[in-house]
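The next block holds one structure in the form of structure tokens; read it before the comments.
The values are calculated or read from the model by the stated rules, or taken from the named source; none is laboratory data. Bear in mind the structure is a predicted one, so any value in this text is a computation, not a measurement. Quick reminder, even Gly has a Cβ in these numbers, built from the backbone with ideal geometry, and neighbours come from all protein chains shown.
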Amino acid sequence: MERDKAQEEIEHPFLEFWHSFKRGRGACIGLAVVMIFIFLSLFAPLLAPHDPTEIFEGQLRLPPAPFADGVARFPLGTDSVGRDLLSRLLYGARVSMGIGLLVVVFSATVGTFLGLVAGHFGKGIETIIMRLMDIIMALPSVLLAIVVVSILGPGLFNATLAVSFISIPAFTRLVRAGVLEEKKKQYVLASASFGAGPWRQMFSNILPNCMAPLIVQASLTFSNGILDAAALGFLGLGARPPTAEWGTMLASARMFMETSPWGTALPGLCILAVVLGFNLFGDGLRDALDPRLKR
Amino acid sequence: MGGFFLRQLSTAIPTLMGVSLLAFALVRLVPGDPVLLMLGERGGSEEQYAQMEKKLGLHLPLYRQYLGFIGNAATGDLGKSTLTQRPVTEEFFSRFPATLELGLCAILFAVFIGIPAGVVAAMKHHSAFDYTIMGLSLVGHSMPIFWWALILIIAFSVNLGLTPVSGRIHILYDIPSVSGLFLVDTLLQGNIEAFFSALRHLLLPTVVIGTIPLAVVARMTRSSMLEVLHKDYVRTARAKGLEERNVLIFHALRNALIPLITVIGLQFGSIITGAILTETIFSWPGIGKWMVHSVEQRDYPVIQGGVLIIASMVIFINMAVDAIYALVNPQMKRSR
């Protein structure tokens, strides 16, 4: 009896997190939006009615189906060269989610590693790493990204690399701050007295204990990555046509925005929805994971 | 105070040196031979090549090149644009007022709408107004502003015909440059019509650049006010029988604004990013459009110089923000 009760009171950490996460209305909306876009990008080939790069001659800039000139074959209409807009938007979700994922994986890996090294070893290494981060942060993000692209040359992958590069400092700073706080604690000292080496201390002991802010940052980096990569695409420095990338689609629909506004409106709405979803999700994560905010 | 400033300067200088190193490395990181790039498509004879190499100082060892670069930069010489052959500094500062005007207007827009909105939302915590403001600021914060700009153009310029689509002022007006800010210069000239022309050109770009700062300011004002409203000194002020309005403005808001100084200062980066996108869309003749154009044209001296100037500005603005913060925050005074 007693034991059952005790077990009931101590929840699994994940369940505890989930109970506090689902109390936030915004967080749940965010999670739903994120799940929808993950679903759409995973199953884009099955859901898309046409190939995203297939050109239908004579079917230029059709409005979405419910409008007067709309055709049921093209549910959301066609773009300026006669490609199915719905299919392009679906594949665009794939591209954007891919960019977001790559940016997070790359910047979190590099940023976390640098932060661990800076926090754990301190001294000269720390100064060099943190100064480097200050330098990266002294430049406005999109400016730095276009400069990196000017070195690497335009393209989707290079744009992703550029955006990853500018996302590194946020992770490094968070991890370093976490390490400085954790390394004074008893469990780290105890582990050191058992002879744990620096790498074991950094990765197995300290890192898991400063994960919470990192998870939140990953969610925000995801949305910023999508936004910045779309901005580069819009400036003609990211994905190149005919790649179905939302920012690039916006740029090429811009010339016709007076006569066919949906070509401009829809890709932008998708960007807004994804970014908003991830930001809401991230805020929800922060509220649920940050012990200082817990009621 | 002097000591505080010195300490700040001592961290700013290494960062500035790092930025100059980054800008210097930039041109050397570009694939291909910069000398051939400068000579252009036509190429040139071996003699011309050697001449250009000497002119660019590329025959010197790297450390000498770098020392030369920062030595020149310190005297305001950042080289010449490959496109126009004019000094980079001159080109930068001829375009800077346009971006400054836009940036200042965007900040004013964000502050004068964001702070009152945040204050009212905090006073009416959990009301419909509060939820609306918070919802809007969430959307604003996530806004792809290049799309937002196009939507505003469709709505206000194309459909309603209220605002022009590009440029800073109607081509008819010839404004003698005093401050470089058209709103000021037209007033100095006493030309009211030109003033309104400049204002109408400014409207949409200002809203576009100001949207994200507005969202951030509204949100921060609200949370900062909510925190302050529960403080003892606010309760004391109320207990003294002060009018609610005075309590809010002189006791709550004054203290709630302190953290906002940092937030507003940090928006500078967001404004440069906004300027890069917005100026390109509205053909605004400022720094942002110029940088994008230089990247497209691979005008490396301009990219190098522009990066250095903008980064220096960010560093100095951050320093100034920290200094103002220290000046106005009574808690910082005590700890010094």
Fill in: The one condition in (1) β-branched (Val, Ile, Thr); (2) surrounded by 14 or more Cβ atoms within 10 Å (Cβ to Cβ); (3) within 14 Å of chain A (Cβ to nearest Cβ); (4) not in a helix (DSSP H, G or I) that B:ILE169 fails to fulfil
(3)
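Of all residues in region B:56-86, which are small (Gly, Ala, Ser), free of Cβ contacts under 8 Å to residues at least 60 places away in the same chain and in a helix (DSSP H, G or I)? Spell out the reasoning first.
Of region B:56-86, the ones small (Gly, Ala, Ser) are B:57, B:68, B:71, B:73-74, B:76, B:79, B:81.
Those left that are additionally free of Cβ contacts under 8 Å to residues at least 60 places away in the same chain: B:57, B:68, B:71, B:74, B:76.
B:GLY68, B:GLY71, B:ALA74 - these are the residues of region B:56-86 that are small (Gly, Ala, Ser), free of Cβ contacts under 8 Å to residues at least 60 places away in the same chain and in a helix (DSSP H, G or I).
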Worksheet item: Which members of region B:137-162 meet the condition of being closer than 30 Å to B:ARG222 by Cβ, part of a loop (DSSP other than H, G, I, E, B) and more than 7 Å from chain A (Cβ to nearest Cβ)?
Response: none
Practice prompt. Scan region A:236-250 for residues that are more than 8 Å from chain B (Cβ to nearest Cβ) and either under 15 Å from A:GLY82 (Cα atoms) or not β-branched (Val, Ile, Thr) (or both) and jot them down.
Written response: A:GLY238, A:ALA239, A:ARG240, A:PRO241, A:PRO242, A:THR243, A:ALA244, A:GLU245, A:TRP246, A:MET249
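Of all residues in region A:255-267, how many are at the interface with another protein chain (Cβ under 9 Å from one of its Cβ atoms), touching a helix residue (DSSP H, G or I) at 6+ places or on another chain (Cβ under 6 Å) and either surrounded by fewer than 18 Cβ atoms within 10 Å (Cβ to Cβ) or part of a helix (DSSP H, G or I) (or both)? Explain how you work it out, then say what you get.
In the first step, residues of region A:255-267 are kept if they are at the interface with another protein chain (Cβ under 9 Å from one of its Cβ atoms); the result is A:257-258, A:261, A:264-265, A:267.
Subsequent filtering for residues that are touching a helix residue (DSSP H, G or I) at 6+ places or on another chain (Cβ under 6 Å) retains A:257-258, A:261, A:264, A:267.
With the extra rule that they be either surrounded by fewer than 18 Cβ atoms within 10 Å (Cβ to Cβ) or part of a helix (DSSP H, G or I) (or both), the set shrinks to A:258, A:264, A:267.
Number satisfying all stated conditions: 3.
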Item to complete: Check A:CYS270 against each of (1) part of a helix (DSSP H, G or I); (2) within 17 Å of A:SER141 (Cα to Cα); (3) within 11 Å of chain B (Cβ to nearest Cβ) and name the one condition it does not meet.
Response: (2)
Practice prompt. Could you list all residues from region B:172-197 that are in a helix (DSSP H, G or I) and in contact with a helix residue (DSSP H, G or I) (Cβ under 7 Å, 6 or more places away or on another chain)?
Written response: B:PHE182, B:LEU183, B:THR186, B:LEU187, B:ALA194, B:PHE195
Worksheet item: Pick from region A:102-149 the residues that are in contact (Cβ under 8 Å) with a residue 12 or more places away in the chain and of a type in the set (Gly, Ala, Ser): which of them is nearest to the other protein chains (Cβ to nearest Cβ)?
Response: A:SER141
Worksheet entry | Condition broken by A:GLY225, with the remaining ones in (1) surrounded by fewer than 24 Cβ atoms within 10 Å (Cβ to Cβ); (2) more than 28 Å from A:PRO63 (Cβ to Cβ); (3) at pLDDT 85 or above; (4) not basic (Lys, Arg) satisfied | (1)
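Just to check your reading of the model, which residue among B:GLY190, B:GLY180, B:GLY241, B:GLY210 is over 22 Å from B:SER137 (Cβ atoms) and in contact (Cβ under 8 Å) with a residue 60 or more places away in the chain?
Details: B:GLY190 fails: in contact (Cβ under 8 Å) with a residue 60 or more places away in the chain; B:GLY241 fails: in contact (Cβ under 8 Å) with a residue 60 or more places away in the chain; B:GLY210 fails: over 22 Å from B:SER137 (Cβ atoms).
Answer to the check: B:GLY180.
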Worksheet item: If you check A:PHE194 against the conditions, is it surrounded by 24 or more Cβ atoms within 10 Å (Cβ to Cβ) and either within 14 Å of chain B (Cβ to nearest Cβ) or of a type outside the set (Ser, Thr, Tyr) (or both)?
Response: no
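Taking the stated definitions as given, is B:ILE133 in a helix (DSSP H, G or I), modelled with pLDDT of 90 or more and away from every other protein chain (no Cβ under 13 Å)? I'd like the intermediate steps shown before the answer.
Numbers: in a helix (DSSP H, G or I): yes; modelled with pLDDT of 90 or more: yes; away from every other protein chain (no Cβ under 13 Å): yes.
Yes, satisfied.
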